[in-house]
Amino acid sequence: MTERIKRSSYLLAVIVGLMSLSFAYGQNRPQDKPQNKPPDKPGRLTFDVAAIRRSDPNVRDGRIKATPGGNGYSAQNIPVKLMISLMYKVPMRQIKGGPEWLASDGYDIEAKVDHPYSVDDLHVMFQNLLADRFNLKFHKEIKEGPVYALMVDKSGSKMKVDETPQDFSIPMNDNEDGVTVGKRVNMEYFCWWLGRVLHQDERPVIDRTGLTQSYDFTLSFAPVLPPNVSQDKLPNGLLDRPSIFDALKQQLGLKLEAQKGPVVYYVIDHVERPSAN
């Protein structure tokens, strides 16, 4: 097996593992601040303590999530390119440049703060950790390209508004039947999640719903499989479910429409292996 194939297999294994666990990804809403807001940190938002080390190369699964209670962030066996994707809400295919290890080498990170912060603040802290410890520098390029626009269908939204306080739980998870359950999901997060589901189309999903709150819902659809994954390995019944396009209309009152729109690329100018703890 060549080194390139090894890296591709490794990254696919990490992504598949993460898809089964979902991500503790940010909900960028003003109401998502903790009920007991800590004193403002002066200047840049940074973690008080952060330990970084290379993961065991024999490990194939990975996870990343905010610490329950909002006191930090934890990552196990996550490549830096995937960290950038998560913290800046950009698909990995729209991250250009950088050394090969950016996508192949997994890292373990334990980062903590003395007081609870919102997920938004924790993501800013993680962005600053990437800049400080990995010396990450990049610039953005915006190009017109093919996108999916997420819109409200003519039937109207069927999702339930959720105004409960943030509890730092993962917004979207699959239950034992393979049905996706959304809890306090805003449209920015949902578009990013849909972009992952539709990764083969290489179209980012942009929000044109006009929906500004967080929502609860369940979504049952047939998996969108990579070309090299056999359908025979799926549990019985999964392929009998509607496509993601039909499921969005029938179950959530939303639709995806192929359009032209702005596609943002993150171009890596500089990155280094992390500094010592």
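Just so you know, all these numbers are worked out from the coordinates, no wet-lab data involved. Just so you know, these numbers come straight off a predicted model, no measurement behind them. Positions of Cβ are generated from backbone atoms using ideal geometry, with glycine treated the same way; all protein chains shown enter the neighbour counts.
When peptides 205-216, 71-82, 259-270, 120-131 are sorted by average Cβ neighbour count within 10 Å, with the highest value leading, the order is 71-82, 120-131, 205-216, 259-270.
Annotation: aspartates and glutamates with alpha-carbon distance below 13 angstrom to K137 (same-chain offsets under eight excluded): D269, E272. Distance between the 7 Å Cα→Cβ label points at D174 and H270: 4.1 nm. Classify segment 143-262 as rounded, prolate or oblate from the Cα gyration tensor: take a ≥ b ≥ c as the square roots of its eigenvalues, call it rounded if a/c is under 1.5, otherwise prolate when a/b beats b/c and oblate if not. Oblate is the answer for segment 143-262, as a/c is 1.5 or above yet b/c matches or exceeds a/b.
Close lysine pairs were tallied over segment 143-262: pairs 8 or more places apart or on different chains with Cα atoms under 26 Å apart number 15.
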